[in-house]
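Worksheet: one structure, shown below.
The values are calculated or read from the model by the stated rules, or taken from the named source; none is laboratory data. As the structure is a computational prediction, the values presented were derived from the model and not from experiment. Neighbour counts run over all protein chains shown; Cβ positions are idealised from the backbone, glycine included.
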Amino acid sequence: MRKSFAKRQLKAFSDRYDYDVTYMEHMLDVSPDAFFKFAGLTELAQHREAAPTEAFYAAKLVGALAEDCGPCVQLVVDMAREAGLSPGSIEGVLTRNFAKMDVDTALGFRFAEALVGRTPDLDDARDVVRAQWGEAAVIDLTLGTQIGRVFPMVKAGLGFAKSCQRVQIDDHPVDVVKEAA
């Protein structure tokens, strides 16, 4: 019964976001115990209590971009649009164009970039987030960035990350820039 409920939930998620959940279905079929533990990460990946929505989704996008070549990034883009982020802010993150990002988006982007790259300015970026929104926002952005990286890595590890795709915001294709020039 639990397994059939999970299959229905996966189908609903796949239909809602036009996202291939085959790797999760495979995990559910082969190792239900592993699947149900893994599924708990989806709730953790959505944890946000203090960071603004724009900063949170900027961080999630940076995390997805670090590990994925399109499908998981597209999923986060679609979730960001659903959460109300403007196409311009999302495109700014995807293209590393600060002129298109609002202040909150840029701060979330800068923190996540420093975290993913473990750059020397991570302490400064963390301090700015902490000063702007508090310690809980540091947790929000850290989890948003890092937990989101797990999904494409598991997908790749299980052998299901075989195809890349072009990322679109609504129906507008975007040329993603993964690293600073």
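Miscellaneous remarks
- Listed by first and then second residue, the pairs linking a residue in segment 28-57 that is among the charged types (D, E, K, R) to a residue that is not in a helix (DSSP H, G or I), with Cβ atoms under 7 Å apart and 6 or more places separating them unless they lie on different chains, are GLU54/LEU85; GLU54/ASP102.
- Members of segment 105-145 found to be of a type in the set (Asp, Glu) and crowded, with 19+ Cβ neighbours inside 10 Å, listed by number: GLU113, ASP140
- Among (1) part of a helix (DSSP H, G or I); (2) of a type outside the set (S, T, N, Q); (3) out of contact with any helix residue (DSSP H, G or I) (no Cβ under 8 Å at 6 or more places or on another chain) - the single one CYS69 does not satisfy: (1)
- Within segment 90-106, residues that are without any contact (Cβ under 8 Å) to a residue 60 or more places away in the chain reach partners that are among the aliphatic types (A, V, I, L, M) and assigned to a helix (DSSP H, G or I) with beta carbons closer than 6 Å, at six or more positions or on different chains, in the pairs VAL93/ALA58; VAL93/LEU61; PHE98/ALA106; ASP104/ALA55; THR105/ALA58.
- Elements of the type helices (runs of 4 or more DSSP H) sitting completely within segment 100-181 and holding at least 1 residues that are at pLDDT 95 or above and under 28 Å from PHE35 (Cα atoms): these cover 103-117, 135-157.
- Candidates are the residues of segment 1-48 that are polar (S, T, N, Q) and assigned to a loop (DSSP other than H, G, I, E, B); the one that is nearest to VAL77 (Cα to Cα) is GLN46.
- One residue alone among THR119, THR145 is within 15 Å of ASP68 (Cα to Cα) and either among the hydroxyl-bearing types (Ser, Thr, Tyr) or touching a Leu at 6+ places or on another chain (Cβ under 6 Å) (or both), and that residue is THR145.
- Being out of contact with any helix residue (DSSP H, G or I) (no Cβ under 6 Å at 6 or more places or on another chain), surrounded by fewer than 17 Cβ atoms within 10 Å (Cβ to Cβ) and modelled with pLDDT under 95 is a condition met by no residue of segment 23-36.
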